[in-house]
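Structure first, then comments.
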Amino acid sequence: MLVCTTINYVKARPSHNISQPSFGIKLGISFNRTNMSQNIQKRVLNWQKITVSSGNIFWIMGGLTGEYPFTYQFAAAIEIIYERKGCQQLQLRRYEESISLPILLKYYPKSIKKGVNLQLGIQPSLVLSKRYFRLEIDNSKKTEIKEEDLENEEITRSFDLAIIGGIEYAFKNGLKLGTRVSMGILDRYNAKGQDRVATTYSAGNQLYIGYNIAQWF
């Protein structure tokens, strides 16, 4: 009786197990920019606003990742990522080095190939350093300037918050490939100019490769 019960139990178990918690590394490229919406009058509809994208900073990003599954299809993930951002508005160019902390919910749909996950979350970022350059009219020469020499409306905040989403594929050997987009929800500048109303948000795209180190242990 005991043998029969054991055999029946083994056959009744699911053929797949819940994924184990994992941690690893990731490395990739990021393409960062800013989107500025401006209008002459304060009260206008969204479609009447002028939106200008600038920056287009291409940079290498990398960091540490961690993931904890709590069902067969859902997992919580957190990362700590170093990346470089920047933009150019008029004759002022800005570069920033920052640490980002993506906090994500991952969904592994059964209807798609095993290993694919969809991601959605938020990403707070803290700027570690800033560099400002004043450009000539023809952009042939740039001169570095200090932050204290800028007008208040030209200085950016040291904290940013963005909504992020993406898709990733995890291979059985621990490798991961993914892409992600981000859209800022906070104005990047400390103050707006007196002569116009403008709001500037960060935006970006990432393409990365990762590896699950936890499978070694």
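The values are calculated or read from the model by the stated rules, or taken from the named source; none is laboratory data. Everything quoted here is computed from the prediction, not taken from an experiment. All Cβ positions, glycine included, derive from the backbone under ideal geometry; neighbour counts span all protein chains shown. Surface areas here come from the heavy atoms of the whole protein model, side chains and all, with no ligands, DNA or RNA. Shrake-Rupley method; radii C 1.70, N 1.55, O 1.52, S 1.80 Å.
Structure notes:
- Surface share of carbon and sulfur [accessible, 1.4 angstrom probe, percent] for segment 69-217: 61
- L177 - accessible surface, heavy atoms, 1.4 Å probe, Å² rounded to 10: 90
- Area accessible to solvent at Y108, 1.4 Å probe radius, in Å²: 50
- Label-to-label distance, nm, for residues given as K172 and R157 (7 Å Cα→Cβ offset): 4.7
- Sequence of T34, T199 when ordered by accessible area, the most exposed leading, probe 1.4 angstrom: T199, T34
- Accessible surface, 1.4 Å probe, highest first, among residues E144, E96: E144, E96
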